[in-house]
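Peer 1: Provided herewith is a single structure, encoded as structure tokens, for subsequent inquiry.
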Number of protein chains: 2
Amino acid sequence: MTPSPAGVLERTRLIIADDHAIVREGLVSLLEAEQDLTVVGQAGTGKEALSLAREHRPDLALLDVTMPDMNGLEATRQIKQELPEVEVLVLTMHEEEAFFFEALRAGAAGYVLKGAHSDELLTAIRAVRGGGIHLSPNLAGELVRDYVERHPEPSMEDPLTPREREVLTLIAKGYSNSEIAEQLTLSINTIKTHRSRIYDKLDLHDRASLVGYAVRRGLLHP
Amino acid sequence: MTPSPAGVLERTRLIIADDHAIVREGLVSLLEAEQDLTVVGQAGTGKEALSLAREHRPDLALLDVTMPDMNGLEATRQIKQELPEVEVLVLTMHEEEAFFFEALRAGAAGYVLKGAHSDELLTAIRAVRGGGIHLSPNLAGELVRDYVERHPEPSMEDPLTPREREVLTLIAKGYSNSEIAEQLTLSINTIKTHRSRIYDKLDLHDRASLVGYAVRRGLLHP
DNA sequence: GGCCAAATCACCCCTAACGGGTGATGCTTC
DNA sequence: GAAGCATCACCCGTTAGGGGTGATTTGGCC
């Protein structure tokens with residue numbers, strides 16, 4: 001650590017990118033009003049944002065989605081690829097889920113709507129600074145819905161024994177009886193017996209509905 | 001709307017539940033200090049919280065996880081089942097993902113860690129009040145990771161034609177050639193041709209690896 | 001000790017599905 | 001007019017699938 005004059009904090013260094021100068025100015029004055037933040041660069045396009053990030057290695061990049069010459073999502077992707085230590089916060093007016101999800105895939109650590117209170121932006125910046133993730137409350141619901149759908153209550157028991165569930169999983173994954181037998185080091189006859197019992201218990205009679213069942217139970221991914 | 005005396009706001013009505021009286025008191029004074037919030041009930045157990053919710057129909061219930069006589073997650077489940085219009089915000093010291101995810105499944109609209117700043121709690125309450133979801137920045141990352149894993153970049157194209165991808169999906173779902181032919185109103189021969197071409201292009205030679213491929217591509221869920 | 005469910009394996013049957021070919025025809029699109 | 005896509009036909013041999021029936025062992029439970 002280099003010694004710093006008394007009273008000077010280790011500020012969080014930001015770059016901001018938005019194609020509207022007025023929005024940028026507004027953000028700068030908003031952010032500079034906080035003692036722990038400082039804006040070290042401004043960009044009007046995605047490419048500029050990327051250059052700025054390379055040049056300044058900021059702690060955090062605040063990017064708009066809609067920008068000429070490379071949009072904010074692509075910029076996010078490239079920044080995260082090249083400079084993973086730079087956190088990206090996407091600040092946009094786009095409430096569509098598609099952008100939100102794409103931002104997450106691109107590696108953004110946060111997504112804030114421009115309609116939000118400025119408090120939320122500051123909260124988000126600090127959350128991200130602390131290694132966290134901030135999601136717009138309006139959009140986080142989609143993510144949660146998605147999660148809940150894919151991970152149903154693990155309770156709601158099925159009538160299968162553990163072994164049967166194991167076999168079921170492998171069947172659903174497309175393995176043949178003999179392959180399953182090999183993987184579990186069992187006789188193929190055993191597998192066939194399990195298979196029959198599974199069909200009996202679940203009252204299913206073909207692989208398709210079996211796969212459906214396994215997918216609903218979330219047996220395929222883990 | 002019933003007319004209200006000038007200066008009196010429509011306050012957000014809360015109940016809070018925590019097994020430690022001191023924590024409750026602290027929360028009450030914190031929340032009552034805000035002009036737009038009012039605490040209409042306090043509980044020290046999950047069952048009490050449920051009764052309070054039935055009695056007061058609050059806008060929001062602030063629940064701790066660890067409580068005697070029904071924990072906060074079970075209480076969340078029951079409240080959301082009986083009184084879906086009551087939003088639940090889980091406030092806990094538990095940073096384990098398991099509780100977090102279970103809270104989401106139980107229907108909570110937010111999850112705030114006790115280690116967070118009180119600002120975050122207020123932000124969360126207001127976000128939830130506005131129909132949003134607030135997730136602890138420390139834990140939201142898990143949710144995002146989960147999402148990103150399950151929904152890989154849809155780009156990164158595969159060599160398959162749209163029709164082939166369609167057929168592949170159905171194969172992975174466990175349908176037989178004839179069933180697929182029926183569903184797509186095609187000849188079974190056509191399906192077999194597609195199947196062969198898929199095997200060729202992907203250089204796979206059994207259903208198992210085909211399913212693996214489909215899962216990775218996320219073709220199974222939608 | 002007796003009972004039951006779970007897990008293991010064997011053997012039979014028969015149909016259908018599977019995978020591997022080869023070849024051919026329209027239809028766009030470039 | 002070549003290339004890619006989608007469609008269909010027919011042949012072939014293997015084996016996996018779905019359906020039975022019966023048997024053994026293990027472990028837990030009363």
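The values are calculated or read from the model by the stated rules, or taken from the named source; none is laboratory data. Because the structure is a prediction, the values reported are computed rather than measured. Please note: Cβ atoms are built from the backbone with ideal geometry, for glycine as well, and neighbour counts cover all protein chains shown.
Peer 1: Need the failing condition index for A:V112 against (1) in contact with a strand residue (DSSP E or B) (Cβ under 8 Å, 6 or more places away or on another chain); (2) buried (at least 19 other Cβ atoms within 10 Å of the Cβ); (3) over 29 Å from B:G115 (Cβ atoms), just the number.
Peer 2: Only one criterion is unmet by A:V112, namely (3).
Peer 1: Can you confirm whether the range B:116-125 contains a residue that is within 26 Å of B:G72 (Cα to Cα) and among the polar types (S, T, N, Q)?
Peer 2: Checked against the condition, which is being within 26 Å of B:G72 (Cα to Cα) and among the polar types (S, T, N, Q), the range B:116-125 yields at least one hit.
Peer 1: Can you find even one residue in the range B:140-156 that is away from chain A (no Cβ under 12 Å), buried (at least 17 other Cβ atoms within 10 Å of the Cβ) and touching a helix residue (DSSP H, G or I) at 6+ places or on another chain (Cβ under 9 Å)?
Peer 2: No, there is no match, as no residue in the range B:140-156 is away from chain A (no Cβ under 12 Å), buried (at least 17 other Cβ atoms within 10 Å of the Cβ) and touching a helix residue (DSSP H, G or I) at 6+ places or on another chain (Cβ under 9 Å).
Peer 1: Of the residues that sit in the range A:199-222 and are in a loop (DSSP other than H, G, I, E, B) and within 22 Å of B:V167 (Cα to Cα), which one is modelled with the lowest pLDDT?
Peer 2: Filtering the range A:199-222 for residues that are in a loop (DSSP other than H, G, I, E, B) and within 22 Å of B:V167 (Cα to Cα), the one modelled with the lowest pLDDT comes out as A:H221.
Peer 1: Picking from A:G132, A:G174, which residue would you name as being crowded, with 16+ Cβ neighbours inside 10 Å and either more than 16 Å from DNA strand C (Cβ to nearest atom) or touching a residue at least 60 places away in the same chain (Cβ under 8 Å) (or both)?
Peer 2: On inspection, the qualifying residue turns out to be A:G132.
Peer 1: Take A:V86 and decide whether it is surrounded by fewer than 23 Cβ atoms within 10 Å (Cβ to Cβ) and over 21 Å from the mean Cα position of the chain (by Cα).
Peer 2: no
Peer 1: Which of the residues belonging to the range B:24-55 are part of a helix (DSSP H, G or I) and surrounded by fewer than 17 Cβ atoms within 10 Å (Cβ to Cβ)?
Peer 2: B:E25, B:G26, B:V28, B:S29, B:L30, B:E32, B:S51, B:R54, B:E55
Peer 1: All but one of (1) facing another protein chain (nearest Cβ under 7 Å); (2) closer than 30 Å to B:E120 by Cα hold for A:K173, so report the exception by its number.
Peer 2: The single condition A:K173 does not satisfy is (2).
One line per residue, one yes/no per condition, for (1) of a type in the set (K, R); (2) touching a Phe, Trp or Tyr at 6+ places or on another chain (Cβ under 9 Å); (3) modelled with pLDDT under 90:
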residue: B:A109; (1), (2), (3): no, no, no
residue: B:D119; (1), (2), (3): no, no, yes
residue: B:I125; (1), (2), (3): no, no, no
residue: B:R129; (1), (2), (3): yes, no, no
residue: B:Y147; (1), (2), (3): no, yes, yes
residue: B:P152; (1), (2), (3): no, no, yes
residue: B:E157; (1), (2), (3): no, no, yes
residue: B:R163; (1), (2), (3): yes, no, yes
residue: B:L170; (1), (2), (3): no, no, no
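Peer 1: Restricting attention to the range B:204-213, report how many residues are at the interface with chain A (Cβ under 9 Å from one of its Cβ atoms) and more than 10 Å from DNA strand D (Cβ to nearest atom).
Peer 2: 4
Peer 1: Any residue in the range B:196-210 that's over 17 Å from A:K173 (Cα atoms): show its pairings with residues that are more than 9 Å from DNA strand D (Cβ to nearest atom) at Cβ separation under 6 Å, as long as the two are six or more apart or on different chains.
Peer 2: B:I198/B:L168
Peer 1: From (1) touching an Asp or Glu at 6+ places or on another chain (Cβ under 7 Å); (2) in contact (Cβ under 8 Å) with a residue 12 or more places away in the chain, pick out the condition that doesn't hold for A:T123.
Peer 2: All conditions are met except number (2).
Peer 1: Return the residue satisfying two criteria in turn: it lies in the range B:177-203 and is surrounded by fewer than 16 Cβ atoms within 10 Å (Cβ to Cβ) and within 12 Å of chain A (Cβ to nearest Cβ), and of such residues it is nearest to DNA strand C (Cβ to nearest atom).
Peer 2: So the residue we want is B:S178.
Table: residues versus (1) hydroxyl-bearing (S, T, Y); (2) over 13 Å from B:L63 (Cβ atoms); (3) more than 12 Å from the chain's Cα centre (by Cα).
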{"site": "B:A103", "(1), (2), (3)": "no, no, no"}
{"site": "B:A108", "(1), (2), (3)": "no, no, no"}
{"site": "B:K114", "(1), (2), (3)": "no, no, yes"}
{"site": "B:L122", "(1), (2), (3)": "no, yes, yes"}
{"site": "B:A127", "(1), (2), (3)": "no, yes, yes"}
{"site": "B:I133", "(1), (2), (3)": "no, yes, no"}
{"site": "B:S136", "(1), (2), (3)": "yes, yes, yes"}
{"site": "B:G141", "(1), (2), (3)": "no, yes, yes"}
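Peer 1: Which of the residues that make up the range B:205-216 are surrounded by fewer than 16 Cβ atoms within 10 Å (Cβ to Cβ), near DNA strand C (Cβ under 10 Å from one of its atoms) and over 14 Å from B:S176 (Cα atoms)?
Peer 2: Selection gives B:H205 alone.
Peer 1: Are there helices (runs of 4 or more DSSP H) fully within the range A:96-187 with at least 3 residues that are more than 16 Å from DNA strand D (Cβ to nearest atom)? List them.
Peer 2: Per the criteria, A:97-106, A:118-129, A:137-150.
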